Structures are given as C-alpha cells and as structure tokens.
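Chemist: Right, I'll just put the structure down here and ask away after.
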C-alpha cells in the first residue's frame, strides 16, 4: 500500500491484511482507515504541539484528504515519480505528513522527509505509528531522514521533485542548489487579511473571526494577521470581540475544548510580546504576554489605516484591526509591493463593493474563512511568490495556488 503502479496498489509490504492488487479507491480508503483506527494515539501525539481542538480538526482534515485522494489523482494524473524530497513545516504535523507523504506514496516510489527541528519528536512519533499501520518501509515508501539541512539539500540532487516549506530566502537558496530537472515547489505564508464590511452579520462574523485567528492559539499560516473593519461597525465589532475573548480561558493544550494555550515556540512568544509592547498605546483588549512561560493573552490592537501597514505573521493570538471607509483603501494596500509578493487568501464578509476574484495577488474567499475553504485535494494558496510558488523552465519561481499531484503532471508536460 506504499504506492501503486498505474494507479493500482500492488505492494503489500508483507502485511497479511492487504491483498496484492488493490484499486486506487481501495488504497486511499485503507490509508484513511489507518488514521481513523489510530485516532486516539494520534491525538495524544499531536497535543504536544497543538491544542486539542486543533488536533482533532487536523485528524478530520487528514481523513477527508485521504478519502478524496483517489479523485485528486484520477483528475490530475500525476506521472509515476521515482523520488520526492520534502522539507516538512513545523506545524500541522499530521496533515503535512498526509499531504506530502501518505497521498504521494500512491504515485511516488520513494519519499524522503526531513522534519523541522522544532517538531522532530512529534513527527517521528506520527511516522512510527502510521508507517507500521500503512506498511511503509525505509527501502521503498515513506522515510524520515535525520540530516542537517545542508546534508539533505545534497541528497535532493537525486530527487525528481522537491517540496520546501519555510522562509522564502531559505527556499531560494535550496532551489538554486537543486537540479534544474527537478520539480521544485515552495510553500510559504501570507497575511490572509479579513474584510468585515457594513453588511456583515455581527454574531456570525465574531465566530468566524475568532475561529480563524485562534486556530491552535494563532499558530497557523492560515490564520488572519490583519482585519479591515468598516468604520460604521467598528465599535460594535471591537466590543463584541472583546466580550467573546473574555469568555475564552487559557488552558493546558491537551485539555478537551482547549482553544488558547501556551505557545509552542519561544521565539514566537518573544515576537508577540515585542509587538504588543511596541503597540501598547493601541491595545484595546488583553495585552499580557510572558515570553518565559510562553503565555500570550488574546490581544486586540486597533491600528490606523496606512498603506505601509504590513503586520508580520503572528504565530500568536493577536488580532490586528484597522478601520476603513472605502474599499479603494483596501485595494491600494493590497497593491503595495510588500503585499503583492505575499498574497495568499483574503476573506470578505458583508462587503459587496469589493468585487473580483483577487485582491492584489490574494485569492478572495467570500463569507467563509480560510479554514472553511482549505481542501487537501485542491490547489492551496494565492499568487504571491512568497506565499506559494513553483519553479518554471526559466529557473524562476512563479506564484500560484499549488497542489503536488497537479504540479508534477504539469512539470512532466513542460
């Protein structure tokens, strides 16, 4: 079940429960069943780096992506690929393992994955559990590699495809070191702005905003880092948001129902504390941050509009709000060079004047959050080169929504 020939699963890895020839649909359902069967054990592993609420959601998303993998592969028809090298991200451990390991194993002979040093132990535990359940082995299947980044880059020279997730500058260096014949995909991040217009439903928008910003205590690349709020409803949004946040306790991340807990990374806590301190005069709710204990209270900061307002990616529960009156202000902000290179998604609620399918280079989502939209079997992201991009035949990165199976198929046809 570690791969399939001609989209037929044909390797049993010696496990007696698997038959020698399985259809692609049967293979994907068996992989999904392996995750479902080990749900409790996976949950205990994932809460090392995620809140229980986020971990439960990650398991559901993983099962859904595996169940839909047959449709994805049959639709995109990726070529049989010899070797794939993957630089795993530091968050969404299981989901990343599914998207870049379990699903590609159906059309890639060998997959080597290097975990982020931040979450290596968690990734190793997930791999140990699922490699046994799915029949992967190191010789031919999905393998975790213990190597420095420099060593792993060297090994990538023999790969047919490379997936890198992380800082853009690091991705550029690695791309230049990888053979031009290899398909190279870069997955980065973006601010994912949210627009709350005058026609937004107050109660519904509060739920959407809180859910999007506080996913895993804000430690996710899909969380929104900037919220544009129409001036006519600004005070109502701020008041309702503060009331909702006051009802959310900071708890142990493994506790059932946990939404906000201590952060996982010390540098994220330090950055959050510094950002809150730098904008202390604009804090309208919260404001407590202790880098030593990694605790950051959900904090609302009310900025003034400015085209040069480019908040960093907060891996923390920080809400950065900015009022607007005319959608032209938002369009000008999105058209600045700083935002054009990192456009991923833009979520729009109750603002009919903001028309079109893109805001700058960001893909516009209407009346749904980024997490509502995310689908592991469809292309991910926007058109900002630092948000997600693929190397072209000219050797340059081109920003666009990415899906591994589709990009491998396109690369084979270049």
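Values in this text are rule-based calculations from the coordinates and carry no lab data. Because the structure is predicted, anything quoted here is derived from the model rather than measured. Counting neighbours? That spans all protein chains shown, and the Cβs are built from the backbone with ideal geometry, glycine included.
Chemist: Under 8 Å for C-alpha pairs, at least 6 residues apart: give me the relative contact order for the range 194-373, rounded to a whole percent.
Modeler: Details: 332 pairs, mean separation 47.6, N = 180.
Computed over the range 194-373, the figure is 26 percent.
Chemist: For the chain, what relative contact order do you get, as a whole percent, if you take Cα pairs closer than 8 Å and at least 6 residues apart?
Modeler: Values: 863 pairs, mean separation 67.7, N = 414.
It rounds to 16 percent for the chain.
Chemist: Within the chain, what percent of beta bridges assigned by DSSP are antiparallel, to the nearest 5?
Modeler: Values: 17 of 54 bridges.
Beta bridges within the chain, antiparallel portion: roughly 30 percent.
Chemist: Obtain the radius of gyration and the Kirkwood radius of the range 318-414 from its C-alpha atoms and give Rg over Rh. It would help to have the intermediate numbers written out before the result.
Modeler: Details: Rg = 15.1 Å, Rh = 14.7 Å.
That ratio is 1.02, to two decimals.
Chemist: Continuing with the same structure: Could you give the length gained by full extension between residue 143 and residue 378, i.e. 0.36 nm per residue of separation minus their alpha carbon distance, to one decimal place? Don't jump to the answer; show the numbers that get you there.
Modeler: Working: separation 235, 0.36 × 235 = 84.60 nm, distance 2.47 nm.
Extending this stretch completely gives an extra 82.1 nm.
Chemist: Based solely on its DSSP helices, what 222 nm [θ] is calculated for the chain when runs of n ≥ 4 H residues each add -39,500 (n - 2.57) and the sum is averaged over all residues, nearest 500 deg cm²/dmol? List each step's numbers first, then the result.
Modeler: On the way: 15 runs with 146 residues, N = 414.
About -10500 deg cm²/dmol.
Chemist: How big is the antiparallel share of DSSP beta bridges in the range 288-414, given as a percent to the nearest 5?
Modeler: Beta bridges within the range 288-414, antiparallel portion: roughly 50 percent.
Chemist: Round to the nearest 0.05 the FRET efficiency obtained for residue 201 and residue 394 when R0 = 30 Å and r is the Cβ-Cβ distance.
Modeler: On the way: r = 47 Å, r/R0 = 1.55.
Efficiency, from the Cβ-Cβ distance: 0.05.
Chemist: Still on this model: Limiting things to C-alpha atoms, what are the Rg and the maximum Cα-Cα separation (Dmax) for the range 194-373, in angstroms?
Modeler: Rg, Dmax (Cα atoms, Å): 15.5, 45.
Chemist: Also, I was wondering about something else. Grab the eigenvalues of the alpha-carbon gyration tensor for the chain, scale each by 5, take roots, and send me the semi-axes largest first in whole angstrom.
Modeler: Values: eigenvalues 274, 112, 77 Å².
Listed largest to smallest, the semi-axes of the chain are 37, 24, 20 Å.
Chemist: Please give the contour-minus-distance gain from residue 290 to residue 267: 0.36 nm per residue of separation, less the Cα-Cα distance, rounded to one decimal in nm.
Modeler: Details: separation 23, 0.36 × 23 = 8.28 nm, distance 1.17 nm.
Roughly 7.1 nm would be gained on extension.
Chemist: Kindly work out what percent of the DSSP beta bridges joining two residues of the range 194-373 are antiparallel, to the nearest 5. Numbers along the way, then the final one.
Modeler: On the way: 6 of 25 bridges.
Percentage antiparallel, nearest 5: 25.
Chemist: Arranged from highest to lowest average of other beta-carbon atoms within 10 Å per residue, in what order do the peptides 44-51, 211-218 appear? Let's see the in-between values first.
Modeler: Numbers: 44-51: 21.9, 211-218: 24.2.
Those peptides, ordered most packed to least, come out 211-218, 44-51.
Chemist: Under a plain spin-label model, where a point goes 7 Å from the Cα along Cα-to-Cβ, how far apart in nm are residue 413 and residue 336?
Modeler: Between residue 413 and residue 336, the simple spin-label model gives 3.9 nm.
Chemist: What ratio of Cα Rg to 2.2 N^0.38 Å holds for the range 114-168? Let's see the in-between values first.
Modeler: Working: Rg = 12.3 Å, N = 55, 2.2 N^0.38 = 10.1 Å.
Cα-based Rg divided by the globular estimate yields 1.22.
Chemist: Same structure again: Evaluate the distance, in nm, between pseudo-label points positioned 7 Å from the Cα of residue 357 and of residue 132 along their respective Cα→Cβ axes.
Modeler: 4.7
Chemist: Compare 128, 58, 339 in a GNM of the chain, Cα atoms joined below 10 Å, and give the one with the largest fluctuation.
Modeler: The residue that fluctuates most here is 128.
Chemist: Then there's this: If the elastic network links every pair of Cα atoms under 10 Å, which of 29, 185, 359 fluctuates the most in the Gaussian network model of the chain?
Modeler: Checking each option, the largest mean-square fluctuation is seen for 29.
Chemist: Now for a separate question. Assuming 0.36 nm per residue, please report the length gained on full extension of the stretch residue 310 to residue 75 beyond their Cα-Cα distance. Present the calculation step by step, with values, prior to reporting the outcome.
Modeler: On the way: separation 235, 0.36 × 235 = 84.60 nm, distance 3.80 nm.
That works out to 80.8 nm of additional length.
Chemist: Put one equal scatterer on each alpha carbon of the range 229-336, apply the Debye formula with no solvent term, and list log10 I(q)/I(0) at q = 0.11, 0.13 1/Å to two decimals.
Modeler: -0.39, -0.54
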